[in-house]
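One structure is given below, encoded as structure tokens.
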Amino acid sequence: MRPGPRNLITDVDGIRVGNAADARVRTGVTVVLPDAPAVAAVDVRGGAPGTRETDALNPSCLVDRVDAVVLSGGSAFGLEAASAAATWLAGQGRGYDVGPVRVPIVPAAILFDLLNGGDKEWGERPPFPGLARSACETASLVFPLGNVGAGFGAKAGTIKGGLGSASLVTDDGLQVGALIAANPFGSATMPGQPTLWAWALELEGEMGGQPLPTGPIPPDPGLPEHVIARAAANTTIGVVAVNADLTKAEALRLATMAHDGLARAVRPAHTPFDGDTLYALATGTRPLPEPRAYHLARLGSHAADVVARAIGRAVYHAEGLGPFPGYRELHGRALQRP
């Protein structure tokens, strides 16, 4: 097993990603665009979620494929980004076929970045629709990490969060990728140490060559009072994608297992203050081998690791912004390689 050639979610066949951000507002939007409608599911684990179209993805419901997934900053205001993406997709002739009408299916999740010091005085014209259209128009196979898209204004506990991505390719041709906007209440680093919680899963120096943890790890993360005072200003959201031909129910199991990666990379995770949400996409370009349940379990295990790596990379690549310093700014000397 190895990372894909880009070590991004776009190493999964049929996936592109677009990002757009507004530095003045300190927020942004990320759009995951499959080349063709993809089987989708969602699992929400946080106590304060902000989402769109999650009920439609229940395996008992009619629609089983989506045209895009939108991740956005801006809290509830950011949900407008999905409407703009749907309008853009309709203009491309994409959407669920209802006779002569096509209705794009665009689930979305948002994170809270309203207290990061940016200019949020947008009145009746929030920036998110325009950012979503720009993200759709510029979607590609290659994109930067850190202060990008939905992760532009994110934080991770007391330091800067961001947008992260990672991938894995198995010897039998299965592809797994994750794209995460990391804005957790919990910490991505071990208490009192520069080591990321995701350190043990690092591949090929993708997190700078993590230092080994030293000494016992305190059982209580001991978050500072100013972090607790801003509780509910959080959320980690993302997308896991595979090239296997999953059913909707199998995609749900994939999303459920992928959440373990969030708990491996952030402590505490899935708190009352987070809206932790993961979407799963299956592009279906490769048959899932038999026995299906066994290979689905394999995919879910890989997905959890890839999610953890994506979160680690989000924090590693993030640059300091406003009151939140970047990981490398704080711990760059402890890393084993530049």
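For a protection proxy built on the mean count of beta-carbon atoms within 10 angstrom, sort 122-128, 282-288, 207-213, 302-308 highest first, please.
Descending mean neighbour count gives 302-308, 282-288, 207-213, 122-128.
Counting only Cα, what are the radius of gyration and maximum Cα-Cα distance Dmax of the range 1-139, in Å?
For the range 1-139, the Cα radius of gyration and maximum Cα-Cα distance read 15.5, 50 Å.
Between VAL98 and ALA36, take the C-beta separation as r, use R0 = 25 Å, and let me know the FRET efficiency to the nearest 0.05.
In this case the efficiency is close to 0.90.
Could you tell me how far the Cα centroid of the range 67-86 sits from the Cα centroid of the range 100-119, in Å?
2
Output ³J(HN,Hα) for the range 271-277: one whole-Hz value per residue in order, computed from phi by the Karplus curve 6.51 cos²θ - 1.76 cosθ + 1.60 with θ = phi - 60°, and x for Gly and Pro.
For the range 271-277, the Karplus curve yields 7, x, 9, 9, x, 3, 9 Hz.
Under a point-charge model restricted to the Cβ atoms of Lys and Arg (+1) and Asp and Glu (-1), what is the dipole moment magnitude of the chain relative to its Cα centre, in debye to the nearest 20?
400
Using just the alpha carbons, could you tell me how many Å³ per residue the convex hull of the range 255-311 encloses?
80
Enter the accessible area of LYS248 (Å², nearest 10), with the probe set to 1.4 Å and all protein chains included.
About 20 Å², ignoring ligands and nucleic acids.
Mind ordering 25-31, 309-315 by average Cβ neighbours within 10 Å, highest first?
By packing density, highest mean first, the sequence is 309-315, 25-31.
Checking a compactness column here: for the range 137-179, what do you get for Rg(Cα) / (2.2 N^0.38 Å), N being the number of residues?
With N residues counted in the range 137-179, Rg over 2.2 N^0.38 Å equals 1.46.
Nothing charged except the Cβ atoms of Lys and Arg (+1) and of Asp and Glu (-1): what's the magnitude of the dipole of the range 230-338 about its Cα centre? Round to the nearest 20 debye.
So the dipole magnitude of the range 230-338 works out to roughly 260 debye.
What does the accessible area of HIS331 come to, in Å² to the nearest 10, when a probe of 1.4 Å is used?
HIS331 exposes around 50 Å² with every protein chain in place.
Using the crude model of +1 on Lys and Arg Cβ and -1 on Asp and Glu Cβ, and no other charge, please compute the dipole size for the range 1-125 relative to its Cα centre, in debye to 20.
Computed about the Cα centre, the dipole is about 240 debye.
Need one number for the chain: average projected area of the convex hull over its C-alpha atoms, nm².
16.5
How large is ³J(HN,Hα), in whole Hz, for each residue of the range 117-134 in order, when computed from phi with the Karplus curve 6.51 cos²θ - 1.76 cosθ + 1.60 and θ = phi - 60°, using x for Gly and Pro?
Result, ordered by residue: x, x, 7, 9, 7, 9, x, 8, 10, x, x, 5, x, x, 5, 5, 4, 5 Hz.
From the backbone phi of the range 202-218, what are the Karplus-calculated ³J(HN,Hα) couplings (6.51 cos²θ - 1.76 cosθ + 1.60, θ = phi - 60°) in whole Hz, Gly and Pro given as x?
Coupling constants for the range 202-218: 4, 10, 6, x, 5, 10, x, x, 5, x, 5, x, 10, x, x, 9, x Hz.
Would you list, by chain and number, the lysines whose Cα falls below 22 Å from the Cα of LYS120, excluding same-chain residues fewer than 8 positions away?
Answer for LYS120, where 22 Å is the Cα cut-off: LYS155, LYS160, listed by chain and number.
The values are calculated or read from the model by the stated rules, or taken from the named source; none is laboratory data. Keep in mind it's a predicted model, so treat the numbers as computed, not measured. Quick reminder, even Gly has a Cβ in these numbers, built from the backbone with ideal geometry, and neighbours come from all protein chains shown. Only protein heavy atoms, including side chains, enter the accessible area calculation; ligands, DNA and RNA are left aside. Shrake-Rupley method; radii C 1.70, N 1.55, O 1.52, S 1.80 Å.
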